[in-house]
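> Attaching a single structure in structure tokens format; questions to follow.
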Amino acid sequence: MITAKTLKLSLKSLREFARKRLADAEVIALDARDECPLEIVRHMCSPDKLGIQLLFIPEEFGGFGGGAFDVYCVCEEMARIDLGIATSVLATFLGSDPITVGATPEQKKLWLSRIADEGLLFAYGATEPDAGSDLGALQTTADRVMEDGRVVGYRINGSKQWISNGGIAGAYSVLANTPAGPSWFIVERGAAGFAQGKPEDKHGIRLSNTAALSFTDVYVDADRLVGEVEGQGLLQAQAVFGYTRLMVAAFGLGAGWAALDRAIPYSAKRIQAGSPLSEKQGYTHKLIVPHVVRLEAARAYIEETAERIDAGEGSLNTEGAIAKYMATEAGNAAAEASIQALGGYGYTHEYMVEKISRDVRITVIYEGTSEIMEMTIGRDRWQSHIKTRGGYYHERARACEALDRQHPGAGGGYAALAMHALAEAMEQARAGRLTRHQHILLRMGEWIAWAECAGSLARRAALAAENKLGEKASRRFDAPVLEAMARVFAREAALRVAGESLRWLTGAAENAAETLTALEAAVKLPAIHRAQAGLVADMDLIADALYGRTAKAAGQVA
Ligand SMILES: Cc1cc2nc3c(=O)[nH]c(=O)nc-3n(C[C@H](O)[C@H](O)[C@H](O)COP(=O)(O)OP(=O)(O)OC[C@H]3O[C@@H](n4cnc5c(N)ncnc54)[C@H](O)[C@@H]3O)c2cc1C
């Protein structure tokens, strides 16, 4: 267990290290040279130096036993520094995942202790040239080596693609097909027949090493099969998705904020047409405020999910997918808007937002692409809709209405509008059998993510107002500002769910006129339109807080 105080100290030392060793000029030079700063990565993972990986390792193996909330905080901070280096640290965590969830006690002791004590770097080898989103298509094989009728080892053949730390790790978790199905193996660097490709020349995260791996008759002893039972690989990979996707969600959040935290001070100083850009509403309300709101909605969802995982609710895979989807899409949009916010300067390397925008692009690709997240979310919540005979989101909407009665102003009522509309849209899709169109299912995934985040931000804003947020929760904004953000976000969520469902369900239905009429009445579009009243004033309040203006600026406390 990590206390709030220890976590704060760890984040502080991370920031101090970055200030000394990874100043902008250094990071820009490394990016231009396409160089992974191995010495810095080792420093961050050495137990006697920064020792970040200790956070992920359970206490019994020499680590700090950090929970999902701690990991989110550290991942956000690392992403603010450099997403390539953050990816390197993440790769060790991902590589050790199959061990944490599936290994025997002896295997855990050996490998997790080595990560803690020696700073051993790991890589996670799942993706193959022909098996990316669909890992079930993997072709790497692990054939049994028999002696006296028992399995003494395996011979691995095949290749892996796009492996973070691929060229620099000391040990690799490798997914390969055994006769009983996909299984994880641990392969050490230097094993005969195991080769690493040259670093990939990438669009972004150029400070991280990414390489292909090839295996030609690589022999490993039987005790290198994780868990020593074949065929558990995909289950073991899935067991931690909630957790690992939360980490990438935190990357999107950190990178998005890193860009905005450059655009905001820039716009306060940049004078055009006689006044700072920050005083131009057409600028702030397009390029800054909506992105701050989306990032904070994603943060609310990440924090709630992390607290639930830490409270033992299981791996929460659907919630992990929603967190990743919303935070990484918001991070990308924020970085893109930050380039625009800096004008011509934003388009050059020196001002960093261009690099952040290239870096954050990976977060909507790795650990499951955004489209795979939409599919996962759509499929999982579709099951809930069916099982509850359409009651799932109406029920959640009623909880938001109750919140609204207790805390009018935290956007709960608008979130409820989004959820009622969602329940109705899902019901129309069921009646018309419209999820047979894959596009409908994936769009539904998007509406679900927006509606659920609207609920989360409303709840967090209400908790902030009651001073009941957890000790480790973000306190960048205080309750009045969070409430304004919750209202802005939930209004957009409701409009998005209603408008987009009308568009797509009508577009897919065989009897379009009938579907349109039924849905128009059901999603309560007029109420959602009326809920937009006050939107611009709320955005003004948020902008004032961001720029430290007027009495309302007391809303921003850090
Ligand atoms: C820099 C970098 C680092 C990485 N690090 C690692 C690592 O450490 N370990 C590791 O194992 N992997 C790693 N990956 C691989 C990464 O996880 C995969 O690239 C990702 O899962 C997508 O797989 P793919 O590239 O084969 O694309 P594909 O699966 O071929 O997808 C291509 C496009 O099609 C879409 N798509 C795919 N399937 C469907 C479908 N059923 N329906 C609708 N749309 C679909 C996708 O969303 C995407 O837009 C890394 C990749 C990169 C670029």
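The values are calculated or read from the model by the stated rules, or taken from the named source; none is laboratory data. Please read all numbers here as calculations on a predicted model, not as lab measurements. With ideal geometry, Cβ positions are generated from the backbone for all residues, glycine too; neighbour counts draw on all protein chains shown. The accessibility values were calculated without ligands, DNA or RNA, using every heavy atom of the protein model including side chains. Shrake-Rupley method; radii C 1.70, N 1.55, O 1.52, S 1.80 Å.
> Listed residues T6, T100; which is within 29 Å of G231 (Cα to Cα) and out of contact with any strand residue (DSSP E or B) (no Cβ under 6 Å at 6 or more places or on another chain)?
T100
> Would you mind finding the one in D310, D404 that is farther than 30 Å from D31 by Cβ and over 24 Å from the mean Cα position of the chain (by Cα)?
Unique residue meeting the criteria: D404.
> Which condition from (1) outside any strand (DSSP E or B); (2) out of contact with any helix residue (DSSP H, G or I) (no Cβ under 6 Å at 6 or more places or on another chain); (3) of a type in the set (G, A, S) is the one that S88 breaks?
(2) is the only condition that S88 fails.
> Of (1) of a type in the set (D, E); (2) touching a strand residue (DSSP E or B) at 6+ places or on another chain (Cβ under 6 Å); (3) away from the ligand (no atom under 11 Å from the Cβ), E200 satisfies all except one. Which?
(3)
> Does W184 qualify as being over 19 Å from A103 (Cα atoms), of a type in the set (F, W, Y), touching a residue at least 12 places away in the same chain (Cβ under 8 Å) and within 16 Å of the ligand (Cβ to nearest atom)?
no
> Among the residues of the range 233-246, is there at least one that is open to solvent by less than 20 Å² (accessible area, probe 1.4 Å), aliphatic (A, V, I, L, M), in contact with a strand residue (DSSP E or B) (Cβ under 8 Å, 6 or more places away or on another chain) and in contact (Cβ under 8 Å) with a residue 60 or more places away in the chain?
yes
> Right, next: If I ask for residues that are within 16 Å of the ligand (Cβ to nearest atom), on the phi < 0 side of the Ramachandran plot, hydrophobic (A, V, I, L, M, F, W, C) and open to solvent by 10 Å² or more (accessible area, probe 1.4 Å), which ones from the range 139-181 would you list?
If the condition is that a residue be within 16 Å of the ligand (Cβ to nearest atom), on the phi < 0 side of the Ramachandran plot, hydrophobic (A, V, I, L, M, F, W, C) and open to solvent by 10 Å² or more (accessible area, probe 1.4 Å), then I168 is the only one that fits.
> Inside the range 341-378, can you point out the residues that are within 20 Å of L287 (Cα to Cα), within 15 Å of the ligand (Cβ to nearest atom) and surrounded by fewer than 21 Cβ atoms within 10 Å (Cβ to Cβ)?
The answer is R358, R361.
> For the range 100-111, does any single residue satisfy the condition of being in a helix (DSSP H, G or I) and near the ligand (Cβ under 10 Å from one of its atoms)?
No - not one qualifying residue is present in the range 100-111.
> Starting from the range 362-378, take each residue that is of a type in the set (A, V, I, L, M, F, W, C) and list its partners that are in a helix (DSSP H, G or I) and within 8 Å of the ligand (Cβ to nearest atom), counting only C-beta distances under 8 angstrom and pairs at least six apart or across chains.
Pairs that qualify, where the first residue is of a type in the set (A, V, I, L, M, F, W, C) and the partner is in a helix (DSSP H, G or I) and within 8 Å of the ligand (Cβ to nearest atom), are I362/T87; V364/S370; M375/Q438; M375/L442.
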